[in-house]
Amino acid sequence: MTAALYFPPEPGIPADQWSNVVAQADATFDVIVIGGGGSGLFAAVEAAELGRRVLVLEKNPRPGGMTSWAIGSLSSSASPMQKAIGIYDVPDAHFEDMALFHGPLLARDNPELRRAFVDNVPQTLKKLLDMGVVFFGPMPEPPHRVPRMHNVLPNSRSYGHELYRRARSLGIDVRLSHRAIRLIKEKGRISGVAAEHGGVIHRYFATRGVVLAGGDFSANREMKQEFAGESVAHADALVTTSTGDAIRMGLEAGGEIVNGDLVSGPQLRFIPPRNNLMTKLPPNRFLALIMKWSMTQLPPALTRPFIMMFLTTVLEPQRKLYECGAILINRAGERFTDECDRPQFSVPFQQDREAFILLDSALAEKFSKWPYYISTAPGVAYAYLPDYKRNRKDIFYQANTIGGLATKIGVPGPALEKAVAAYNQKPREGTPGLVRAPFLALGPVRSWVLTEGGLRINASMQVLGTDGEIIPGLYAAGATGQGGIILEGHGHHLGWAFTSGRLAGRGAATIA
């Protein structure tokens, strides 16, 4: 077999190593998937169920990717849960309603991809149910005309857990800590991948196709700056390994990014739970079923603490906190921005790239009941201050004095007292300032961003070149293949990740 690396060697890798790679292949498979997150694992499962021999290359030491940090909802029509409560819903209605979320972005949407998504997501949801994933709902979310949002239990880690278990049961070869670095081209077709593991470069061939499913480029500052601009470039990524490797390989193969300037965020979000037992234990189906039963049979006052125990995602404090008088403080104990004027762009320039939200007891009381909630939260819809006090002790601080609070959050006491005194002299209009003890702090919060641009693809998830022609043997899914579809509204990002992965795996397994 005569084959060559399609692109120049990785900088810093000795040329003689690349010569050895070109001379000898490690293994041959039918389909190779780059990325072991939700879209990549679904692509692998779909191809394996069609009888193909599949390899997954995942650069992280564990699978799951961004899927494990998602809120966890999946929006679909024609679901068994809808039918069980008498809702008749069809993909055509979902197609129309999705467009209502997009506003001015509708002109940038790809109707062909939207159609592929809504037509196929019901089967995706069914396959997840068959794998053992448990959902609660459907829940309403206007402008959806009927409830379509299905929320996973106990948390979004269930997706990766069940997909990985299914992949292993099918005999899929999942190689962790393997970083794909270059595509291989043979006779005008993408036919393999060069990957690095433990300092050694390996070469793998795919007789049918390669699926790029490596996520977005939110952790790649250079790519963010190039496509989305300087202000976005400084925001953090939810997954620090989302460096756009798969997208870069697609670009080098002749593809192009669509909607590269669009991002979700930046948003101020709380840091992930620290030392949360639920991030270490595998999701349990029996426990999820108990949660589902309790949510329908028991009073919310009893179920809220139980459900909130399982939060593993990063939640976003709402703007109304600042409008009602809460302020942001950095690690130096200083108020550094107008909290109602895009603070997410200021936080990345503070010490440790983070800040704390300060409240007094009057605000704490206000944000303990509807309609004043701290954030939305999966399973309970809205999370209030008592929920954070009970279930996020790692980011909840309280003291009777400003100086005492400074000690608890680790900032200079005199600086914090000065900052609060200055604010109280001229508080936000219509608010009394932070004057009533005890005083509270939530945080840290950091500025997070997800990029929405992906490789241009067709409805079969085949990557297209800048000339609009198919790049033979190359497919893309998830955020890597989000080339033109707009995914506003809850449940569409995950739905697209799984569905596009399924379609890409099917295409790579069947299209000659």
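Read the figures in this text as sums done on the coordinates, not as results from a lab. Just so it is clear, the structure is predicted and the values come from calculations on it, not from any experiment. Neighbour counts run over all protein chains shown; Cβ positions are idealised from the backbone, glycine included.
For the pair residue 400 and residue 320, the difference between a 0.36 nm per residue extended length and the Cα-Cα distance amounts to 26.4 nm. Ordering 385, 317, 403 by Cα displacement along the dipole of the range 317-449 toward the positive end leaves 385 in first place; charges were set at the Cβ atoms of Lys, Arg (+1) and Asp, Glu (-1). When the helices of the chain are scored as -39500 (n - 2.57) per DSSP H run of n ≥ 4 and the total is divided over every residue, the value at 222 nm lands at -9500 deg cm²/dmol.
For the range 322-366, a crude dipole built from +1 on the beta carbon of Lys and Arg and -1 on the beta carbon of Asp and Glu, taken about the Cα centre, is about 120 debye to the nearest 20. Anisotropy class assigned to the range 65-182 is oblate, per the alpha carbon gyration tensor with a/c at or over the 1.5 cut-off and a/b no larger than b/c.
Listing 448, 496 from fewest to most neighbouring C-beta atoms within 10 Å gives 448, 496. Between residue 418 and residue 338, the simple label model (points 7 Å from Cα in the Cβ direction) yields a spacing of 2.4 nm. Sequence-distant contacts, meaning Cα pairs under 8 Å at least 6 residues apart, place the relative contact order of the chain at 24 percent. Quick check: net charge around residue 496, other residues with Cβ under 13 Å of its Cβ, Lys/Arg +1 and Asp/Glu -1? Result for the local shell: -2. Taking the number of other C-beta atoms within 10 Å as the exposure measure, put 59, 369 in order starting with the fewest. Sorted ascending by nearby Cβ count, the order is 369, 59. Which distance in nm do the two modelled labels at residue 345 and residue 105 give, with both placed 7 Å along the Cα-to-Cβ direction? About 1.8 nm, to one decimal.
In percent, rounded to a whole number, the relative contact order of the range 317-449 is 34, using alpha-carbon pairs under 8 Å and six or more apart.
Listed from fewest to most Cβ neighbours within 10 Å, the set 384, 159 follows the order 384, 159.
Farthest towards the positive end of the charge dipole of the chain, among the residues 364, 337, 453, is the Cα of 364, using unit charges on the Cβ of Lys, Arg, Asp and Glu. Placing +1 on the Cβ of every Lys and Arg and -1 on the Cβ of every Asp and Glu, with nothing else charged, gives the range 317-449 a dipole about its Cα centre of roughly 240 debye. In order along the range 67-82, phi translates into HN-Hα couplings of 3, 5, 9, 6, 4, x, 8, 9, 9, 8, 8, 6, 8, x, 5, 5 Hz, rounded to whole numbers, per the Karplus curve 6.51 cos²θ - 1.76 cosθ + 1.60 with θ = phi - 60° and x for Gly and Pro.
Please label the shape of the range 317-449 as rounded, prolate or oblate, based on the square roots a ≥ b ≥ c of the eigenvalues of the alpha-carbon gyration tensor (a/c under 1.5 means rounded; beyond that, a/b larger than b/c means prolate, else oblate). Note, shape of the range 317-449 comes out rounded.
Net charge in the neighbourhood of residue 37 (other residues with Cβ under 13 Å of its Cβ; Lys, Arg +1, Asp, Glu -1) is 0. When the Cα positions of 32, 154, 242 are compared along the charge dipole of the chain, 154 comes out farthest toward the positive end, with charges on each C-beta of Lys, Arg, Asp and Glu. Its Cα centre serving as origin, the chain has a Cβ charge dipole (Lys and Arg +1, Asp and Glu -1) of approximately 1540 debye. The HN-Hα couplings worked out from phi for the range 420-437 by the Karplus form 6.51 cos²θ - 1.76 cosθ + 1.60 (θ = phi - 60°) are 5, 4, 5, 5, 5, 5, 9, x, 4, 3, x, 10, x, x, 9, 10, 10, 6 Hz, whole numbers, x standing for Gly and Pro.
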